[in-house]
1. For the chain, set up a GNM with springs between Cα atoms under 10 Å and report which of 64, 142, 54 has the largest fluctuation.
2. Provide Rg and Dmax in Å for the stretch 34-186, with only Cα atoms included in the calculation.
3. For the stretch 35-116, how big is Rg over Rh, using alpha carbon atoms and the Kirkwood form of Rh?
4. For the stretch 113-186, with every protein chain kept in place, what is the accessible area per residue (1.4 Å probe, Å²)?
5. Per-residue ellipticity at 222 nm for the chain, helices alone: DSSP H runs ≥ 4 residues times -39500 (n - 2.57), over residue total, nearest 500 deg cm²/dmol?
6. Which of the peptides 143-154, 79-90, 174-185 is most tightly packed, and how do the rest follow, judged by the mean count of other Cβ atoms within 10 Å per residue?
7. Please give the per residue accessible area of the stretch 1-101, computed with a probe of 1.4 Å over protein heavy atoms only, in Å².
8. Determine, for each peptide in 26-32, 1-7, the mean count of other beta carbons within 10 angstrom over its residues, then list the peptides with the highest first.
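The values are calculated or read from the model by the stated rules, or taken from the named source; none is laboratory data. It should be emphasised that the depicted structure is a prediction, and the values quoted were computed from it without experimental measurement. Methodologically, a virtual Cβ is constructed for each residue, glycine included, from the backbone with ideal geometry; neighbour enumeration extends over all protein chains shown. Heavy atoms of the whole protein, side chains included, go into the accessibility calculation; ligands, DNA and RNA do not. Shrake-Rupley method; radii C 1.70, N 1.55, O 1.52, S 1.80 Å.
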Amino acid sequence: MKLAILGLLLEADMHPYEITLKMKERAMTHYTKMQMGSLYYAVDQLAKEEYIEPVEVIRSSNRPDKTIYRITEKGKKLFHQLLLQKFKEPEPIFHPMYLALAFSDHGDQNKMADLLEQRIKQIEHQVNFYYALYEDHIDQVPKGALHLMIGMYEHSKTELHWLKRLYADAQRGKLGEVGVPLDLVE
């Protein structure tokens with residue numbers, strides 16, 4: 001969350017609601033675990049630690065005050081530290097289905113196949129969404145962000161291919177077979 005807030009404030013001074021809108025516009029909640037409710041807390045913490053500072057307070061008689069923030073020099077240093085840390089650390093691959101797959105031979109494969117069929121339809125929509133997101137932002141964001149968007153698209157395509165192969169085996173009741181390799185032909 002801190003990396004996202006600081007990165008967006010590098011682009012322009014904003015109040016927290018504007019930061020939320022930018023995150024939604026760029027679909028940041030699709031590629032990282034961010035709780036939007038924790039954004040205001042993170043902004044308060046960053047301000048308290050002097051990584052960001054108020055620039056202006058917009059007062060309105062019928063609405064709460066809006067504090068516009070900017071990143072400080074100290075905040076820029078923290079941003080670069082957090083940014084490089086993300087490039088350095090390899091992330092383990094976790095998927096919500098991995099644990100279930102380890103025991104799938106004990107479950108109702110017909111029900112699993114039905115659920116996989118639904119999931120495949122969702123991922124097909126996701127693939128299309130991510131490609132449209134990429135295309136819509138070509139003229140709006142730096143190339144690094146385009147790599148992120150096309151990465152989400154390519155990961156979704158890979159997941160779709162994997163789910164279709166899994167679905168075929170579940171549909172045929174083969175998730176419990178031992179000694180038979182997967183058909184990995186593309």
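1. Comparing 64, 142, 54 in a Gaussian network model of the chain, the most mobile one is 64.
2. Rg, Dmax (Cα atoms, Å): 22.8, 72.
3. With Rg and the Kirkwood Rh in hand, the quotient comes to 1.29.
4. Normalised by residue count, the accessible surface of the stretch 113-186 is 69 Å².
5. The per-residue figure over the chain is -19500 deg cm²/dmol.
6. Ranking the peptides 143-154, 79-90, 174-185 by packing returns 143-154, 79-90, 174-185.
7. 70 Å²
8. Highest-to-lowest ranking by the protection proxy: 1-7, 26-32.
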